[in-house]
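Trainee: Take a look at the following structure, please.
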Amino acid sequence: MTTHKPVKKAVFPVAGLGTRFLPATKAIPKEMLAVVDRPLIQYAVDEAREAGIEQMIFVTGRGKTAIVEHFDIAFELEATMSARGKGMEAIDCARATPGDVITVRQQVPLGLGHAIWCARAVVGDEPFAIFLPDELMVAHRGGTGCMKQMIEAYDQLGGNLISVLEVPREDVSSYGVIAPGRQISEALTEVTGLVEKPLASKAPSNKIISGRYILQPEVMRVLEDQEKGAGGEIQLTDAMARMIGSQPFHAATFAGRRFDCGSKLGFVEATLALALERADMGAEVRAMAERLLAQAG
Ligand code: G1P
């Protein structure tokens, strides 16, 4: 049915300094902060694997090696655990297939567009996915993850596809915002324009880009001469906007939940929500939360 090249590579821009979480992120990458017992980056990589993506390309920077270590084999740990008769289930998910984790460095923090461009040699001439790990996308119980849903839509549509969600109007200026065109189905719409961090009064809609992308490799050529935009940074959104018209461009609304783990409040919310749902601790977390709320009230 599909004639589109399959998406096998994903880029994870993880060079950011994480200043919002200081001092926690002084010596540890923010992507290694754990929601319950998994670092944020693990959730994103799991979502990629579920969608059939094989190669994980991390765009890292100084002080970010813990992310790469995380997906390596921890020989001492495994030897000790097995000598103690312990199972490896807890760390199995972190082990990458040899050769499937690739890192490139972003030497200067010039913006998201520049970070993606740093991966151009590894991406080559294939469509690729992008994951912003700050955005934690959680499938509904029994449902599929955000990227898997996007890949299913991509199989039909081809071109470029970004995930979107609706936020209150007053919040749009922190994000990339789409101008929606023709509605294709309940979850899919055409994109006729894109603007990064617009004033709320000038935003074309309240649908924001929520950190998942499937893009054609031509975006790398567009990024090459992309000028600085919002915040003085080279913006991916601006480069994507220049592709509208020459390639199909659609937006998909994820049937699932999103937590903004780039903010402290979102991080706490994600931790509580996921802990409450865990079979191994949910009931105790609920009792604990109720007790704490009663004390605080
Ligand atoms: C980036 C993107 C923006 C997107 C957002 C999602 O912004 O540039 O388009 O809506 O991620 O979290 P940043 O959070 O890096 O400012």
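Trainee: Give me Ser163, Ser174, Ser185 ranked fewest to most by other Cβ atoms within 10 Å of their Cβ, as a rough exposure proxy.
Mentor: Sorted ascending by nearby Cβ count, the order is Ser185, Ser174, Ser163.
Trainee: Starting at the first residue of the range 188-200, write each ³J(HN,Hα) from the Karplus equation 6.51 cos²θ - 1.76 cosθ + 1.60 with θ = phi - 60°, in whole Hz, x for Gly and Pro.
Mentor: Per-residue couplings from phi come out as 10, 9, 6, 10, 10, x, 9, 9, 8, 6, x, 5, 3 Hz.
Trainee: Still on this structure: Whole-Hz ³J(HN,Hα) for each residue in the range 287-297, computed from phi via Karplus 6.51 cos²θ - 1.76 cosθ + 1.60 with θ = phi - 60°, x for glycine and proline: what do you get?
Mentor: So the Karplus estimates, Gly and Pro as x, are 4, 5, 5, 5, 4, 5, 5, 5, 5, 5, x Hz.
Trainee: Please state, rounded to one decimal and in Å, the Kirkwood hydrodynamic radius that the chain gives when every pair of distinct Cα atoms enters the mean of 1/r.
Mentor: Over the chain, the inverse of the mean reciprocal pair distance is 20.2 Å.
Trainee: Can you pull the three principal axis extents for the Cα set of the range 48-113, in Å, largest first?
Mentor: Result for the range 48-113: principal-axis Cα extents of 48, 29, 17 Å.
Trainee: Among rounded, prolate and oblate, which fits the range 122-250 when a ≥ b ≥ c are the square roots of the eigenvalues of its C-alpha gyration tensor, a/c under 1.5 means rounded, and a/b larger than b/c means prolate?
Mentor: rounded
Trainee: Just want the answer: with Cβ charges of +1 for Lys and Arg and -1 for Asp and Glu, which residue in Ala230, Tyr213, Val36 is farthest toward the dipole's positive end in the chain?
Mentor: Highest projection toward the positive end goes to Ala230.
Trainee: Along the range 49-59, what does the Karplus equation 6.51 cos²θ - 1.76 cosθ + 1.60 (θ = phi - 60°) give for ³J(HN,Hα), rounded to whole Hz, x for Gly and Pro?
Mentor: Taking θ as phi minus 60°, the curve returns 5, 4, 8, x, 7, 10, 9, 9, 10, 9, 8 Hz for the range 49-59.
Trainee: Taking neighbour counts of Cβ atoms within 10 Å as a proxy for exposure, in what order, fewest first, do Phe71, Phe128 appear?
Mentor: Phe71, Phe128
Trainee: Between His140, His250, His70, which gets the highest mean-square fluctuation from a Gaussian network model of the chain, Cα cutoff 10 Å?
Mentor: His140
Trainee: Still on this structure, I have one more. Using alpha carbons only, how many angstrom separate the centre of the range 1-46 from the centre of the range 243-297?
Mentor: Cα centroid of the range 1-46 versus Cα centroid of the range 243-297: 16 Å apart.
We did not get these values from a lab; they are worked out from the coordinates using the rules stated. Keep in mind the model is a prediction, meaning the values are calculated, not measured. In this analysis, Cβ positions are derived from the backbone assuming ideal geometry, glycine residues included, and neighbour counts consider all displayed protein chains.
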